Amino acid sequence: MAETVRAARLTGPDRVLRVEETKQGPPAADEVVIDMMYASINPLDTYVLAGQVAGEAPVPRTLGVEGVGRWGDDLFVVHGHGVGLSRDGIWSQRAVVPSGSLIRVPEGVDPVQAACAAVCGRTAIRVVYELAEVTAEDRVLVLGATGGVGTAATSLALSAGATVWGQTGDPNKAEAVAEMGAKTVIARSPEELIMATKDLGVNVVLDPLGGNYTTAATQLLAPYGTLVIYGASSAAQTELDVRSFYRRNIRALGYGGVMEGHDEVRSGISDALRALADGNMRIPVSDRVSLSALPAVLKPERRRDAIGKTIVDVGLD
Ligand SMILES: NC(=O)c1ccc[n+]([C@@H]2O[C@H](COP(=O)([O-])OP(=O)(O)OC[C@H]3O[C@@H](n4cnc5c(N)ncnc54)[C@H](OP(=O)(O)O)[C@@H]3O)[C@@H](O)[C@H]2O)c1
């Protein structure tokens, strides 16, 4: 029998997010109904809202691609299998999801942190451990260090014993970078970034900013350095002096989580949950909001408010 739940839904044709009561049918044989507790907010959600990602998917539908909920007596991360993209997501009191999208939250992991494991946590694991292969010998510059992935990546690189600088463009967030244990770089532009870091001997840059920050990263890196690009928050286009890049043997790697298959996604989430359990990864949560607050929180002018993550606490509604 259909039941009524409160959910944050993308409604058309004007693609507006509305929090409303909606009817939810019973689960199919390969689905479960999960009581949602916490949900993460990612830049990906803003791309979905704008129709840049999953623009052809059915509307109206509930958004939200990752979170934690209770099924039976246990807590599970929910992510993947099209959740929030090609089918209803988890910004809801209860969600019908494919059973394959559930991963048990291990003992000792804070469920709020677990709600960030699938996107931020997995991305940080990939870029720090698998692409940059950060060790205690490395001198790492984390761009966008106050962001969800940036804070997770900073904590992982510090746990690996590396010397870590965290960049922010906002002096008010500098203390948060220092509290994580990283050295602070305040740079509001690519030019300021080069000035602040050119003598540091940085040999790894983790870059979610793209645009001219990526060009700056190729210039500030020491010879044989590694650049890992995984986002384009500032801009997608840049001009690159190819000679200054290849003549100093700089290595550039890209990471895109959307390319991963189900098994790879699951193992990445498990690795992130393990890093949270071991204390090697930390993701600060600066804000907890209700489902009802989502439309306001997702407005462009609010997108750089958080330090670490803003989390939807479903119980607040
Ligand atoms: N490749 C993948 O699979 C993957 C996975 C997850 C995320 N991403 C991408 O990675 C990026 C970061 O994700 P996130 O979850 O960490 O996002 P987030 O929490 O929103 O990141 C905020 C951080 O980005 C900085 N920032 C945002 N817009 C900026 C701009 N226009 N210029 C300079 N700095 C800017 C902020 O700097 P301030 O401290 O100065 O405010 C802050 O440090 C996004 O582009 C996202 O789409 C990619």
Relative contact order (%) - criterion: Cα under 8 Å, at least six apart; region: the stretch 119-257: 21 percent
Helix-only mean residue ellipticity at 222 nm for the chain, each DSSP H run of n ≥ 4 adding -39500 (n - 2.57), per residue, nearest 500: -6500 deg cm²/dmol
Over the chain, relative contact order from alpha-carbon pairs under 8 Å, at least 6 apart, %: 17 percent
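Taking a ≥ b ≥ c as the square roots of the Cα gyration tensor eigenvalues, with a/c under 1.5 meaning rounded and otherwise prolate when a/b beats b/c, else oblate, which class fits the stretch 39-161?
On the way: a/c = 2.68, a/b = 1.52, b/c = 1.76.
Note, shape of the stretch 39-161 comes out oblate.
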FRET efficiency, Lys23 to Val258 (Cβ-Cβ, R0 25 Å, nearest 0.05): 0.25
Cα convex hull of the stretch 119-257, projected area averaged across orientations, nm²: 7.1 nm²
Three-way shape call for the stretch 157-205 based on the alpha-carbon gyration tensor, with the a/c threshold at 1.5: oblate
Per residue accessible area in Å² of the stretch 104-235, where ligands, DNA and RNA are left out and the probe is 1.4 Å: 36 Å²
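Can you divide the C-alpha Rg of the stretch 1-84 by 2.2 N^0.38 Å and report the result to two decimal places? Before the final figure, lay out the partial values.
On the way: Rg = 13.3 Å, N = 84, 2.2 N^0.38 = 11.8 Å.
My calculation over the Cα atoms of the stretch 1-84 gives 1.12.
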DSSP beta bridge pairing in the chain, given as percent antiparallel to the nearest 5: 55 percent
Sulfur and carbon atoms: percent of accessible area, the chain [1.4 Å]: 50 percent
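In Å, what Kirkwood hydrodynamic radius results for the chain from the alpha-carbon pair distances?
Numbers: mean 1/r = 0.0500 Å⁻¹.
After inverting the pairwise mean of 1/r, the radius is 20.0 Å.
The values are calculated or read from the model by the stated rules, or taken from the named source; none is laboratory data. Because the structure is a prediction, the values reported are computed rather than measured. Every residue, glycine as well, gets a Cβ built from its backbone with ideal geometry; the counts of neighbours run over all protein chains shown. For the accessible areas, the whole protein counts, side chains as well, though only heavy atoms, and no ligand, DNA or RNA atoms are used. Shrake-Rupley method; radii C 1.70, N 1.55, O 1.52, S 1.80 Å.
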